[in-house]
Amino acid sequence: MALSQINAICTSCKHQFTSLPERSFLGFQKLNCPNCGEKVVYPLTNGYRTAYWVIFTLMSVFIINAWLNGATAGPNLFGIAVIFALFRDRSIRKQIESLST
């Protein structure tokens, strides 16, 4: 599904603008501020966020199940990327929210 234009605010110059975002590797929305040219990263869309939470939940269940059966287990590289994306999404959402108020 193609991305649609979003109303955004630049995190460096606080200029409000409307732009068509691009996707980053993990699914974040990237925009260029027309005022200062800074690259602005916006949070994950709801579909990506939901998918990452489902993956995180399933990964946690499998790891806990392995531990309960006496095996050692941990997240693989993909699991670490999902955890990183969820933490980064939360911090970006807080940052954007603080700029909007």
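The values are calculated or read from the model by the stated rules, or taken from the named source; none is laboratory data. What you see is a predicted model; the values in this text were computed from it and never measured. As a convention, Cβ positions derive from the backbone with ideal geometry for all residues, glycine included, and neighbour counts pool all protein chains shown.
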Selected residue (only one of Gly37, Gly74 is more than 20 Å from Ala2 (Cα to Cα), of a type outside the set (A, V, I, L, M, F, W, C), at pLDDT below 90 and touching a helix residue (DSSP H, G or I) at 6+ places or on another chain (Cβ under 9 Å)): Gly74
Filter result for the condition that a residue is of a type in the set (Gly, Ala, Ser) and buried (at least 16 other Cβ atoms within 10 Å of the Cβ), over Ala73, Ala85: Ala85
Residues within region 1-50 that are of a type in the set (A, V, I, L, M, F, W, C), over 11 Å from the mean Cα position of the chain (by Cα) and either closer than 25 Å to Leu77 by Cβ or not in a loop (DSSP other than H, G, I, E, B) (or both), tallied: 6
Count - residues of region 53-72 that are of a type in the set (S, T, N, Q) and either closer than 20 Å to Phe84 by Cβ or touching a Cys at 6+ places or on another chain (Cβ under 9 Å) (or both): 2
Close pairs (9 angstrom Cβ cut-off, 6 or more residues apart or separate chains): free of Cβ contacts under 8 Å to residues at least 24 places away in the same chain in region 76-91, in a helix (DSSP H, G or I) and of a type in the set (A, V, I, L, M, F, W, C) anywhere: Asn76/Met59; Phe78/Ile55; Phe78/Met59
Answer residue from region 66-101, given it is part of a helix (DSSP H, G or I) and of a type in the set (Gly, Ala, Ser) and is farthest from Cys13 (Cα to Cα) among those: Ala66
Restricting region 12-29 to residues that are under 17 Å from Glu97 (Cα atoms) and either modelled with pLDDT of 95 or more or out of contact with any Pro (no Cβ under 6 Å at 6 or more places or on another chain) (or both), the residue that is surrounded by the fewest Cβ atoms within 10 Å (Cβ to Cβ): Thr18
Positions within region 58-70 being out of contact with any helix residue (DSSP H, G or I) (no Cβ under 6 Å at 6 or more places or on another chain) and surrounded by 10 or more Cβ atoms within 10 Å (Cβ to Cβ), in sequence order: Leu58, Ser60, Val61, Phe62, Ile63, Ile64, Asn65, Ala66, Trp67
Output for region 2-11, where each listed residue is buried (at least 16 other Cβ atoms within 10 Å of the Cβ) and not aliphatic (A, V, I, L, M): Cys10, Thr11
